[in-house]
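Down below is the structure, laid out as structure tokens.
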Amino acid sequence: MATTADFRNGMVLEIDGGLWTITYFQHVKPGKGGAFVRTKLKNVLTGAVVDKTYRAGEKVTDVRLERRPVTYSYSDGHLYHFMDKNTYEMIPISGDVIGEDQLKYLKENMECEGLVNQGNVISVELPFFVELAVAQTEPGLKGDTAQGGNKSATLETGAIVQVPLFIEEGDVLKVDRREDKYLTRITK
């Protein structure tokens with residue numbers, strides 16, 4: 001058991017039989033009345049997000065999820081298959097569980113983290129920073145600079161990010177997948 005004083009981003013709670021990750025929390029002490037904690041919770045399996053308020057000091061059930069390295073192998077159209085790097089087992093996971101925000105960056109042979117609860121991999125998290133090639137973008141013009149503006153680029157996985165004008169097709173980019181944000185060009 002834990003209390004609201006133990007809250008931190010990434011902590012997993014069991015609420016009504018479901019597993020929820022804390023993505024945001026704020027301790028509030030109003031001038032009148034008791035203190036409370038506002039949280040934003042994300043369901044580990046479905047990706048649903050809810051806001052929940054707890055009284056300060058309220059007890060909650062925290063869950064320790066083990067993290068295990070997995071590698072993305074292939075998709076059969078319905079399920080995404082990952083190989084557990086410890087046991088070499090194939091683990092099928094639904095696209096709904098992985099989440100649309102992560103699927104657009106998923107690439108074959110990508111190293112990911114499997115979230116393990118009671119010995120079973122229940123979900124997968126991609127790395128925060130991914131390196132992907134630009135599949136399609138408008139051509140840049142001579143004299144374009146990093147501060148000169150932005151354009152859309154479609155990456156090899158189908159994700160679309162805003163990039164500087166000097167980026168060309170075939171460039172490999174480092175992207176923050178959480179914010180759909182271009183960070184740097186790796187190779188030309």
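The values are calculated or read from the model by the stated rules, or taken from the named source; none is laboratory data. Because the structure is a prediction, the values reported are computed rather than measured. Ideal geometry is used to build each Cβ from the backbone, glycine not excepted, and the neighbour counts take in all protein chains shown.
A few notes on this one:
- Long-range neighbours under 9 Å by Cβ, at least six apart or interchain, first residue assigned by TED's automatic domain parsing to the domain that holds PHE7 within the stretch 28-39, second loosely packed, with under 10 Cβ neighbours inside 10 Å and in a strand (DSSP E or B): ARG38/ASP51; THR39/ASP51
Conditions (1) surrounded by 11 or more Cβ atoms within 10 Å (Cβ to Cβ); (2) aromatic (Phe, Trp, Tyr); (3) farther than 27 Å from PRO127 by Cα; (4) touching a residue at least 24 places away in the same chain (Cβ under 8 Å), marked per residue:
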| site | (1), (2), (3), (4) |
| --- | --- |
| GLY10 | no, no, no, no |
| GLY17 | no, no, yes, no |
| VAL60 | yes, no, yes, yes |
| SER75 | yes, no, no, no |
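- Among the residues listed as ARG185, ARG178, the single one being under 18 Å from LEU103 (Cβ atoms), surrounded by 12 or more Cβ atoms within 10 Å (Cβ to Cβ) and of a type outside the set (S, T, N, Q): ARG178
- Verdict on HIS27 being closer than 20 Å to GLY114 by Cβ, modelled with pLDDT of 90 or more and either surrounded by fewer than 16 Cβ atoms within 10 Å (Cβ to Cβ) or not small (Gly, Ala, Ser) (or both): no
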